[in-house]
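Here the structure comes first, spelled out in structure tokens, and everything after it is commentary.
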């Protein structure tokens with residue numbers, strides 16, 4: 001037997017309960033992992049609350065790091081004892097042990113800890129595809145990044161700065177502004193400000209070619225107003241709730257804008273893409289270009305407390321759960 005967080009009915013953090021469950025057996029193409037650390041991400045809230053639908057009961061979580069303790073039939077790329085990490089479906093990371101498809105795993109370099117890996121796989125891989133594929137950031141580009149002191153935001157600020165961008169961050173308070181500035185943000189705006197007006201001021205009227213918005217409903221219109229003609233609006237999260245239906249003619253009126261709602265699963269669907277992105281991420285971490293900040297740690301059994309802190313915007317950087 002093992003232990004896991006189980007959700008039997010969607011709702012607030014209190015619906016997550018710590019239960020004893022059977023230890024699963026790996027099937028063909030799968031491995032059994034013993035977790036050393038599990039990542040906490042806002043997408044976990046979406047599944048727990050019912051915003052994203054999934055069959056119940058379920059175990060939340062899509063990110064973890066640990067050791068392979070058993071191989072299923074047909075697995076040849078890994079061995080028992082390998083240190084691995086992942087950030088992908090299926091759900092089930094909030095557990096002491098779980099099975100995962102082997103083709104969704106990456107082998108960890110010796111100098112990257114389980115804790116760092118659990119705090120960087122989803123945030124780091126998300127930052128990688130957003131900055132290199134959704135919109136390829138070039139030297140001199142001004143970019144606008146919401147939640148700049150959050151898990152993805154801190155990685156993006158550092159990485160975008162390394163790529164030569166002028167980084168404009170948006171945060172909720174002065175303390176988080178200081179965190180974002182210490183991680184590469186050139187300018188940091190507070191959420192209560194007139195964001196388009198401040199962006200216009202900072203860019204001398206040119207506006208930005210890309211907005212990375214993980215907030216959703218509350219910031220969507222303002223984000224569009226920050227874009228230069230032909231700019232791209234990257235809406236990749238719903239922290240304030242889902243974006244309402246969009247009238248496409250608005251995109252034309254505001255400068256023939258592009259709008260995308262990307263997901264990590266789509267960008268990492270091919271194993272070759274996953275391995276390339278992970279190698280890119282590990283390289284910038286190993287070279288000290290991107291510092292992974294694990295600022296909060298909770299016991300896995302106390303995942304409800306971690307969710308409360310995350311939803312109250314009391315966290316910075318990454319948060320991990322320890323089995």
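A short reminder: the numbers here are calculations on the coordinates, not readings from a lab. Keep in mind that this is a model prediction, so the values were computed, not measured. Quick reminder, even Gly has a Cβ in these numbers, built from the backbone with ideal geometry, and neighbours come from all protein chains shown.
See the values below:
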| read-out | value |
| --- | --- |
| Proxy reagent accessibility, fewest Cβ within 10 Å first, across 195, 145, 5 | 195, 5, 145 |
| Percent antiparallel among DSSP beta bridges (both partners in the chain, rounded to 5) | 55 |
| Degrees between helix 271-286 axis and first principal axis of the chain (Cα, 0 to 90, nearest 10) | 70 |
| Correct option for semi-axes √(5λ) of the Cα gyration tensor in Å [calculated from the coordinates] among (i) 75, 18, 16; (ii) 34, 21, 18; (iii) 35, 26, 18 | (ii) |
| Residue 80 versus residue 265: modelled label distance in nm, points set 7 Å from Cα along the beta carbon direction | 3.2 |
| Exposure proxy order (Cβ contacts within 10 Å, fewest to most) of 7, 21 | 21, 7 |
| Choice from 174, 293, 63 showing the highest fluctuation, given a GNM over the chain with Cα pairs closer than 10 Å | 174 |
| Alpha-carbon centroid distance for the pair the stretch 199-252 / the stretch 40-113, whole angstrom | 32 |
| Cα-based Kirkwood hydrodynamic radius, the stretch 127-265, one decimal, Å | 14.6 |
| Relative contact order computed over the stretch 77-224 (Cα-Cα under 8 Å; 6+ residues apart), in percent | 18 |
| Helix-only mean residue ellipticity at 222 nm for the chain, each DSSP H run of n ≥ 4 adding -39500 (n - 2.57), per residue, nearest 500 | -7500 deg cm²/dmol |
| Kirkwood Rh (inverse of mean 1/r, distinct Cα pairs), the stretch 187-314, angstrom | 17.5 |
| Percent RCO, i.e. relative contact order, over the chain, from Cα pairs under 8 Å lying at least 6 residues apart | 18 |
| Fraction of alpha-carbon pairs over 18 Å apart in the stretch 1-114 - percent | 48 |
| Residues 232, 43 arranged by fewest to most Cβ contacts within 10 Å | 232, 43 |
